[in-house]
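A short worksheet on the structure shown next.
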Ligand SMILES: [Zn+2]
């Protein structure tokens, strides 16, 4: 039993001042106003916000989720936990089917054990024209047989699959995945606004890193972006590092879609939290310079952006730094992705929810992380 008294907290209605939290067995058992700390309660300075929920992340701290070594996956999980991510998907980049099956079988027990909240397949059902840092030769339109194999290997742990909606068979696959309880994300797409509308009609509900790896907006050829910002059925991911998407565009997207339809994601890769240098992503060579990860082109020069080196903590501070309120940033970093993905009992500070919280200051800087009622050693 732990009692925490928060100067300020982000609760479901919004900002609150003077809040007492009681925690037992990893859950909040009391959330109530209290003008001053009760006896024995630990006083938290600054803001208590819901623990961060990252629904698009490939690795970090030198460890990759695309692995058949559960300890490596746990190392990536531990790295991001220290940076505020208390609930996380594990994202896999394009690989051949046998490799993906082996990786899914590695990650599934970690989801069942509660270490991960689900697995996200970013590929192989992507457009070669918008491949980003995915191996072109391994990209393929979806087939029922491939989808069946992936679903079976995941053993109920598949949470999201990114699909380019213009590919042959994409809409049937979308409907099938949604029926199996898997969210379909529109992304790595060269499709237009009509393709996107059809995908939403078929049940797609997420946009994989909006703006990145899709057609840009044009006033006469709008492409995916305006539909995804406008349609209530879609939650859009934004990579909040100021490099993938300009701050002006982040503000515009949040204003257009609203706080309840935008998710902060890291899209972090193995080099996150590591020095600049050479790394790999899905078997492709990546060079990281000043924290920017890019594929190595054939002539050795830096090519396509290859994931990020962002943490949720840095993304949260970025959002506050470009003008979002702390409660607004908390929606994007926790409440919205949790609710939209149906992750019950996380992403919110309320009685019965997992006792996950991050302590941040007025500029959004993270100082402490509580997961399931236990302070994380940072
Ligand atoms: Zn990614």
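Dividing the helix sum by the residues of the chain, where each DSSP H run of 4 or more adds -39500 (n - 2.57), gives a mean residue ellipticity at 222 nm of -7500 deg cm²/dmol. Taking 0.36 nm per residue of sequence separation and removing the Cα-Cα distance, the residue 42/residue 298 pair yields an extension gain of 86.6 nm.
At the listed q of 0.14, 0.19, 0.20 Å⁻¹, the Debye profile of the stretch 115-272, built from one uniform point per Cα, gives log10 I(q)/I(0) equal to -0.66, -1.24, -1.37. Could you work out how much longer the chain between residue 155 and residue 290 gets when fully extended? Use 0.36 nm per residue separation minus the Cα distance between them, nm to one decimal. That works out to 44.7 nm of additional length.
Quick one: helix 170-179 against the long Cα principal axis of the chain, what's the angle to the nearest 10°, folded into 0 to 90? In the chain, helix 170-179 runs at an angle near 30 degrees to the longest axis. In whole angstrom, the stretch 256-378 maps to an equivalent ellipsoid with semi-axes of 31, 16, 15, each derived as √(5λ) from the alpha carbon gyration tensor and ordered largest first. For the chain, the longest principal axis of the Cα atoms and the long axis of helix 70-82 meet at an angle of about 50 degrees. Between the Cα long axis of helix 97-112 and the first principal axis of the chain there is an angle of about 10°, rounded to the nearest 10. Once the chain from residue 97 to residue 243 is taken as fully extended at 0.36 nm per residue, the excess over their C-alpha distance is 49.4 nm. Just so you know, the Rg over Rh for the chain is 0.97, from Cα atoms, with Rh as the Kirkwood radius. Quick check on the stretch 47-114: take the gyration tensor over C-alpha atoms, sort the square-rooted eigenvalues as a ≥ b ≥ c, and tell me if it's rounded (a/c under 1.5), prolate or oblate. In terms of gyration-tensor shape, prolate. Computed over the chain, relative contact order equals 21 percent, with contacts defined as Cα pairs under 8 Å that lie 6+ residues apart.
The distance linking the stretch 332-378 with the stretch 141-175 is 30 Å (Cα centroid to Cα centroid, whole angstrom).
By the gyration tensor of its Cα atoms, with a ≥ b ≥ c the square roots of the eigenvalues, what is the shape of the stretch 188-343: rounded for a/c under 1.5, prolate for a/b over b/c, or oblate? Judged from the Cα gyration tensor, the stretch 188-343 comes out oblate (a/c at least 1.5, b/c at or above a/b). Note on the stretch 1-54: Cα Rg divided by 2.2 N^0.38 Å, N the number of residues, gives 1.07. Under conditions of 37 °C and 0.692 mPa s, the stretch 1-117 yields 202 µm² s⁻¹ as its translational diffusion coefficient, taking Rh as the Kirkwood radius over Cα pairs in the Stokes-Einstein equation. Where both bridge residues fall in the chain, DSSP classifies roughly 55% of the beta bridges as antiparallel. Remark: 375, 5, 331, 47 ranked as 375, 5, 47, 331, counting other beta-carbon atoms within 10 Å and listing the fewest first. Put the Cα centre of the stretch 228-253 next to the Cα centre of the stretch 1-64 and the gap is 27 Å. Based on the reciprocal of the average 1/r between different C-alpha atoms, the Kirkwood radius for the stretch 175-240 equals 11.8 Å.
Since every read-out is calculated from the coordinates, none of them should be taken as a lab result. Note that this is a predicted model, so its numbers are computed, not measured. We place every Cβ from the backbone using ideal geometry, glycine too, and count neighbours over all the protein chains shown.
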